[in-house]
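Note sheet for the following structure.
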Amino acid sequence: MSKIALVRQPSSLLDDGIVDHIEKVAVDLERAHEEWRGYVSTLQAHGWETIEVDPADDCPDSVFIEDTVVMFRNVAVISRPGADSRKPETDGTRRALEALGCPIAEIREPGTLDGGDVLKIGDTVYVGRGGRTNAEGVAQLRRILAPLGAKVVAVPVTKVLHLKTAVTALPDGTVIGYPEFVDNPAIFDRFLPVPEPHGTAVVCLSESELIISASAPKTAEMLRDLGYTVTEVAIAEYEKLEGCPTCLSVRVRNLD
């Protein structure tokens, strides 16, 4: 199994990033760069090869590379971001995945879909239907992934920016989330509430290793108590823009 993570340097315009559900707070760009380097170093320390996608400096939110593509097995579905200012971000991601030899599909107009709205658990693909992903985007993803054996399940998202702002999944498939952010936890087979808003998002590095935000120490301890090795990363500057650990990379696991 490949362990490749696509990342993208933060834009010099990061402070102009879009905020939909929280109050706008100034971003410290120097600190954001330090946090980004720390995040990338954490991936590398756990055996992941990081590939820097071409910068998109004119796009303030371009560091949140997860929104530009959905990976299923080795197929890359290039997204069509719901915010117009983010649509140019996908070009660099496409080039990087083509260079890796991934088959490419794409969401087309009038569909919109952000990768942060997509949570994969085995062959089940949950898609948040919210402010950035529309019904046509969900329908197109379903048509693309169904022949590959995926079951696409649409999930209402009304309380937060993306589905993965509200929930992610542990390696065993248990969905974790902050209850106040989740429209309907009963949609998921197994749901485990976490005690902190920033504890919703984990990056699964292996069957036993997780990355979580340093802003969620209680959740980190809870997950350690469940037998996981948990690394906390400082991403406070990105949390000012509704970002989380999953947003800052695209994990490519199924290359031959």
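Starting from the amide H of residue 176, placed 1.01 Å from N in the peptide plane, find each other amide H under 5 Å away whose residue is 5 or more places distant or on another chain.
Residues meeting the amide H criterion: 168, 169, 170, 192.
Can you work out the Karplus-derived ³J(HN,Hα) for every residue in the stretch 40-48? Use 6.51 cos²θ - 1.76 cosθ + 1.60 with θ = phi - 60°, whole Hz, and x for glycine or proline.
5, 5, 5, 4, 5, 5, 9, x, 9
If you place +1 on the Cβ of every Lys and Arg, -1 on the Cβ of every Asp and Glu, and leave all else neutral, what size is the dipole of the chain about its Cα centre, to the nearest 20 Debye?
Charge dipole, the chain, about its Cα centre: 940 debye, nearest 20.
Taking only the Cα atoms of the stretch 118-256, how large is their convex hull per residue, in Å³?
110
Report in % the part of the accessible area of the chain that belongs to carbon and sulfur, leaving out ligands and nucleic acids; probe 1.4 Å.
Here carbon and sulfur together make up 49 percent of the probe-accessible area.
Based on alpha-carbon atoms only, what is the radius of gyration of the chain relative to the globular estimate 2.2 N^0.38 Å?
This ratio for the chain stands at 0.91.
Once every Cα of the stretch 27-137 carries one equal point scatterer and solvent is ignored, give the base-10 log of I(q)/I(0) from the Debye formula at q = 0.19, 0.22 Å⁻¹, two decimals.
-1.11, -1.34
Compute the accessible area per residue over the stretch 1-86, keeping the other protein chains in place, probe 1.4 Å, unit Å².
With the other protein chains kept in place, the stretch 1-86 gives 44 Å² per residue.
Contact order normalised by length for the chain, with contacts defined as Cα pairs under 8 Å and 6 or more residues apart; what percent is it?
22
Under a 5 Å amide H to amide H cut-off, with H placed in plane at 1.01 Å, what residues pair with residue 72 once short-range neighbours are removed?
77
Send over the Kirkwood Rh of the stretch 186-239, from the inverse of the averaged 1/r over different Cα pairs, rounded to one decimal Å.
The answer is 11.6 Å.
The values are calculated or read from the model by the stated rules, or taken from the named source; none is laboratory data. What you are looking at is a predicted structure, and each value in this text was computed from that prediction instead of being measured. Every residue, glycine as well, gets a Cβ built from its backbone with ideal geometry; the counts of neighbours run over all protein chains shown. SASA here: full protein model, heavy atoms, side chains in, ligands and nucleic acids out. Shrake-Rupley method; radii C 1.70, N 1.55, O 1.52, S 1.80 Å.
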